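The values are calculated or read from the model by the stated rules, or taken from the named source; none is laboratory data. Note that the coordinates shown come from a computational prediction; the quantities given were computed from them, not determined experimentally. Cβ: placed from backbone, ideal geometry, glycine included. Neighbour counts: every protein chain shown. Each accessible area value is taken on the protein alone, full model and side chains, heavy atoms only, with ligands, DNA and RNA left out. Shrake-Rupley method; radii C 1.70, N 1.55, O 1.52, S 1.80 Å.
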Amino acid sequence: MRYLISYGIYSYIVLVFLQFVGCGGARLEVFMEQQDSLARFFPPSGKLPKPRQEKIAFYFRRLRERKTSQDRRRDFRAITFDLDDTIWKGTETLINANEKMHDWIKVNTPKCAEKYDSKNFRELMSTLRKSQPEIAHNFTALRKKALEIAFAETGYDKSKVEPAFTAFIKARNNVLLYEDSVQTLKCLRERGIIVGAITNGNANVWEICGLRDLFDFAIKAEDAGEAKPLRAPFTLALRCCRRVLEDIGETSVLSIGESNILHVGDSIQSDVDGAKNAGFYAILLDRQIREEEKANLKRDSKADCVITGLEELYSKL
């Protein structure tokens with residue numbers, strides 16, 4: 001069930017106001033579309049389970065009860081995570097997914113496999129990213145276009161595109177998790193903090209066993225219309241956080257702002273620069289760096305903090 005049933009008190013008030021001032025059906029439809037546009041970033045059920053809503057509501061009640069905030073770290077109300085090379089091993093997962101796709105191609109379209117091995121197919125996708133910048137952020141559209149071209153050049157029709165892509169995306173969602181990922185996400189959710197994902201990739205967390213119940217929302221670049229470090233994915237993350245709060249009765253937009261959101265990722269450009277430009281608190285994850293190198297990396301990257309594992313997050317909250 002999608003988020004069409006209840007937008008919270010805020011949405012109701014706005015709708016009544018628009019009707020009262022006589023804005024007409026067209027503007028009401030636009031408003032409804034804007035509200036429903038966030039539904040694709042939430043679980044397929046359309047809303048968070050009741051126990052999860054209650055956990056978040058309890059956490060925000062505790063925040064309101066605080067008379068003073070002595071430490072900014074204590075005021076984080078949501079955490080967003082990059083996925084590839086942050087929550088799971090991105091390179092290994094992608095290598096496996098590409099191998100599964102090429103296995104399908106070898107069996108079902110052998111002439112294509114002869115012309116486009118893994119290396120040649122990567123080069124085709126790279127060329128397309130440069131020649132078609134309008135889909136450069138959308139790895140699903142990009143891969144399907146590359147498959148369409150490869151099949152056409154070797155005598156196969158478009159009907160082969162979807163099954164070949166299915167072979168890829170099924171393996172893409174069979175991720176290799178880091179050991180600290182699941183426990184960290186569970187602990188953060190237990191506290192009542194809103195937990196989201198912002199990724200430039202096309203893996204679907206709602207299809208990943210072990211993760212689908214650990215995120216409150218997930219934003220992919222292909223759905224946002226832009227990739228990190230551009231602002232759109234981060235702006236959508238803030239809107240999703242506010243939608244969660246609307247759904248539990250926290251109607252004030254002041255309940256969460258950019259400075260209340262912490263973003264964690266492994267890329268200086270995509271994650272740190274993107275988050276900082278959006279007004280988020282940025283944590284850089286580098287699983288290889290030595291402890292004595294953290295200070296220099298923090299200075300050079302302009303991250304608010306550098307960690308070598310997700311378990312270090314607890315000390316930042």
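Values for this structure:
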item	result
Segments 241-251, 175-185 sorted - mean Cβ within 10 Å per residue, highest first	241-251, 175-185
Gaussian network model of the chain, springs between alpha carbon atoms under 10 Å - residue of ASN120, ASN96, ASN174 with greatest fluctuation	ASN120
Note, ³J(HN,Hα) from phi for region 40-48, Karplus 6.51, -1.76, 1.60, rounded to Hz, x at Gly and Pro	5, 9, 9, x, x, 5, x, 7, 6
Carbon + sulfur, % of accessible area of region 167-259 - ligands and nucleic acids excluded, 1.4 Å	49 percent
Solvent accessible area, Å² - GLU226, 1.4 Å probe, full protein context	70 Å²
Max mean-square fluctuation residue, GNM over the chain, Cα-Cα springs under 10 Å, options ILE149, ILE268, ILE256	ILE149
Whole-number accessible area per residue in Å² for the chain, which is evaluated in the context of all protein chains at 1.4 Å	50 Å²
Size of region 163-281 as Cα extents on the principal axes (Å, biggest first)	46, 30, 26
Antiparallel bridge percentage (DSSP; both residues within the chain; nearest 5)	5 percent
Of ALA203, PHE217, GLN183, farthest towards positive along the dipole that unit charges on Lys, Arg, Asp, Glu beta carbons give region 119-264	ALA203
CD proxy at 222 nm, helix term only [per DSSP H run n ≥ 4: -39500 (n - 2.57); per residue of the chain; nearest 500]	-15000 deg cm²/dmol
FRET efficiency, 1/(1 + (r/R0)^6) with R0 41 Å, evaluated for ARG64 and VAL107 via beta carbons	0.10
The chain - convex hull of the alpha-carbon atoms, volume per residue in Å³	159 Å³
Phi to ³J(HN,Hα) by Karplus 6.51 cos²θ - 1.76 cosθ + 1.60 over region 312-317, Hz, x for Gly, Pro	6, 4, 4, 6, 9, 9
At q = 0.11, 0.13, 0.16, 0.22 Å⁻¹, base-10 log of I(q)/I(0) for region 44-167 (Debye sum, equal scatterers on each alpha carbon)	-0.60, -0.69, -0.85, -1.29
Estimated vicinal HN-Hα couplings, Hz - region 179-196 in sequence order (Karplus 6.51, -1.76, 1.60; Gly, Pro = x)	5, 8, 5, 4, 5, 4, 4, 5, 5, 5, 5, 4, 6, x, 6, 5, 10, x
Cβ charges +1 (Lys, Arg) and -1 (Asp, Glu), total dipole of the chain, debye	620 debye
Magnitude of the charge dipole, region 261-317, Cβ model with Lys/Arg +1 and Asp/Glu -1, debye to 20	160 debye
Long-range amide H partners of ALA197 with built H, under 5 Å	PHE81, PHE217, ALA218, ILE219
Two-site FRET efficiency, LYS115 against GLU207, from Cβ-Cβ distance with R₀ of 45 Å, rounded to 0.05	0.90
